[in-house]
Amino acid sequence: MTWMNTAFLRIRKIKTFDSLKVSAYRMFFLGMIGQWSTFSMEMVARTYLVYEITGSTAKLGIMSLANAVPIIVLSLFGGAVADRLSKKRLILLAQIAMSIVSLGNAIAVSVGYLGPAHPESWWVLVVGAAMMGTIIAMAMPSRQAIIPELVDQKQIMNAISLNTMGMSFFQLVGPATAGFAIDSFGYAAVFFLMTVLNISGIVFTACLPKSKPIQPLGRSMLTNVFDGFKYILSHRTVFLLLALFVAAILLAMPYQMLMPVFAKDILKVGVSGQGTLMSVAGFGALAASLTLASLPSRKRGVTLLLANILMGMALVVFAFSVSWPLSIGMMLVVGMGLTGNNTAGAALLQSYTDPEYLGRVMSVMSMSFGLSGLGTFFAGMLAESISAQWALGGLAAVLVAIMLGVLIFLPRIRKLD
């Protein structure tokens, strides 16, 4: 019986869902469900619809750029706002705005305007992408910076991992749901469903405790932004972590926007196949996030670097694969690597950043998602010239080279716990 007692004690030490015992974090987690599900569904619906209307990778890139520019321009202000105003209120406003965007797309499809019958109608999705970029820029720093206010310091890695797990779960079920729903009921049904899910998120977020601003309101917004820049530049560890995170997102994330090309033209599996590919990536992300949530907060620097190397190598193989089973396998690995990057990167930044600057530091992390759209824009243009395979594979190879270099030559990052 000794071995049974030992096994039981080991199981008790695994604290995979520890943060969910905190009621405030539980409300936050439930409030994010609507956002996670709609993000993953929108990626399939919006990208495939644009490609179906236009048949152009360049226009996929333009839509990505429309989403990216507001994130790049406004994220730093979003971080300053997060340090000055109530994070709960900012999150609520963002969820309301997301509901309006989804409802607008649903109505445009329902009345028969948004679709292949009107080749010019793709501008609706471009405007929606720009609006979503603005919402993300102003609210994402608050969503990331509020976590240390909801849980203890020792629970931050677990809370972020569970946050990633929730996002990964809906990345698993959302794309496949969107793909099959589009095939069965059309685009309007998906956009209406996204609206309902966003509204459900508003209800739970409203139950969060009031969050207080950290920075006083007396100083100007620009002064706060510049102070944030000075802080990042003067703290080498924070600067290097942000640089690595930006590089990973910039070089890896274009795969999501280019996915319609691989699904429709290379693998020939259609919109439901695209949903399946992205769902498999979500399954890999879910498995990785559950693993990270169960592990102690150690060797996070190595985790960050190895996750990106793994993701980059998988994207290189996926880019040139014409085999459906091989592509499925590589998407599983990509999801695992992306989760390792996002979870370890966010946990390290939240652990090594002073609380009064956290919103602004996380805003740079948010801005990296805008830079991924900029990278996708150039990847789309590059794909028009040299093919989507070489564009995606080349960017992923650069990612692998950078992370290997840091792993070998920058022990400061490798030794971070």
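The values are calculated or read from the model by the stated rules, or taken from the named source; none is laboratory data. This is a predicted model, so every value here is computed, not measured. Neighbour counts run over all protein chains shown; Cβ positions are idealised from the backbone, glycine included.
Has the range 178-189 got any residue that is outside any helix (DSSP H, G or I) and closer than 19 Å to Tyr48 by Cα? Yes, the range 178-189 contains a residue that is outside any helix (DSSP H, G or I) and closer than 19 Å to Tyr48 by Cα.
Within the range 46-72, residues that are assigned to a helix (DSSP H, G or I) reach partners that are among the charged types (D, E, K, R) and buried (at least 19 other Cβ atoms within 10 Å of the Cβ) with beta carbons closer than 8 Å, at six or more positions or on different chains, in the pairs Met63/Arg46. Applying the criterion of at least 1 residues that are modelled with pLDDT of 85 or more, in contact with a Leu (Cβ under 7 Å, 6 or more places away or on another chain) and farther than 30 Å from Pro325 by Cβ to the helices (runs of 4 or more DSSP H) found wholly in the range 203-268 leaves 221-234, 236-252.
Being more than 18 Å from the chain's Cα centre (by Cα), under 23 Å from Gln274 (Cβ atoms) and of a type in the set (Val, Ile, Thr) narrows it down to one of Ile402, Ile328, so name that one. Quick ask: steps written out before the conclusion?
Values: Ile402 fails: under 23 Å from Gln274 (Cβ atoms).
Going through Ile402, Ile328 in turn, the sole match is Ile328.
Among the residues of the range 163-187, count how many are out of contact with any helix residue (DSSP H, G or I) (no Cβ under 8 Å at 6 or more places or on another chain) and hydroxyl-bearing (Ser, Thr, Tyr). Even if it seems obvious, please write down each step before you answer.
Going residue by residue through the range 163-187, those that are out of contact with any helix residue (DSSP H, G or I) (no Cβ under 8 Å at 6 or more places or on another chain) are 184-185.
Adding the requirement that they be hydroxyl-bearing (Ser, Thr, Tyr) leaves 184.
Count: 1.
Any idea which residue in the range 373-417 is surrounded by the fewest Cβ atoms within 10 Å (Cβ to Cβ), counting only those that are among the hydroxyl-bearing types (Ser, Thr, Tyr) and farther than 17 Å from Leu251 by Cβ?
As a first pass, look at the range 373-417 and keep what is among the hydroxyl-bearing types (Ser, Thr, Tyr): 376, 385, 387.
If we keep only those that are farther than 17 Å from Leu251 by Cβ as well, we get 385, 387.
On the way: Ser385: 10, Ser387: 16.
This residue is Ser385.
Scan the range 312-326 for residues that are under 18 Å from Asn341 (Cβ atoms) and not hydrophobic (A, V, I, L, M, F, W, C) and the total you get is 1. How many residues are surrounded by fewer than 24 Cβ atoms within 10 Å (Cβ to Cβ) and under 10 Å from Leu286 (Cα atoms) when one looks only at the range 166-188? The number of residues fulfilling the criteria is 3. Comparison of Leu374, Leu404, Leu399, Leu395 shows that the only residue that is among the aliphatic types (A, V, I, L, M) and at pLDDT below 80 is Leu374. Taken together, Ser272, Ser289, Ser363, Ser321 contain a single residue that is within 30 Å of Ile53 (Cβ to Cβ), of a type in the set (S, T, N, Q) and at pLDDT below 85, which is Ser272.
For every residue, the table says whether it meets (1) out of contact with any Leu (no Cβ under 9 Å at 6 or more places or on another chain); (2) modelled with pLDDT of 85 or more; (3) not hydrophobic (A, V, I, L, M, F, W, C).
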| site | (1), (2), (3) |
| --- | --- |
| Pro296 | yes, no, yes |
| Gly301 | no, yes, yes |
| Leu306 | no, yes, no |
| Leu338 | yes, yes, no |
| Asp354 | yes, no, yes |
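Has the range 341-358 got any residue that is in contact (Cβ under 8 Å) with a residue 60 or more places away in the chain, surrounded by fewer than 22 Cβ atoms within 10 Å (Cβ to Cβ) and outside any helix (DSSP H, G or I)? Within the range 341-358, one or more residues are in contact (Cβ under 8 Å) with a residue 60 or more places away in the chain, surrounded by fewer than 22 Cβ atoms within 10 Å (Cβ to Cβ) and outside any helix (DSSP H, G or I).
Of the residues Glu120, Glu149, which single one is farther than 23 Å from Ser56 by Cβ, of a type in the set (Asp, Glu) and part of a helix (DSSP H, G or I)?
Among Glu120, Glu149, only Glu149 is farther than 23 Å from Ser56 by Cβ, of a type in the set (Asp, Glu) and part of a helix (DSSP H, G or I).
Of Ala97, Ala80, Ala106, all but one fail to be touching a Lys or Arg at 6+ places or on another chain (Cβ under 7 Å) and either surrounded by fewer than 19 Cβ atoms within 10 Å (Cβ to Cβ) or of a type outside the set (Ser, Thr, Tyr) (or both); the exception is Ala80.
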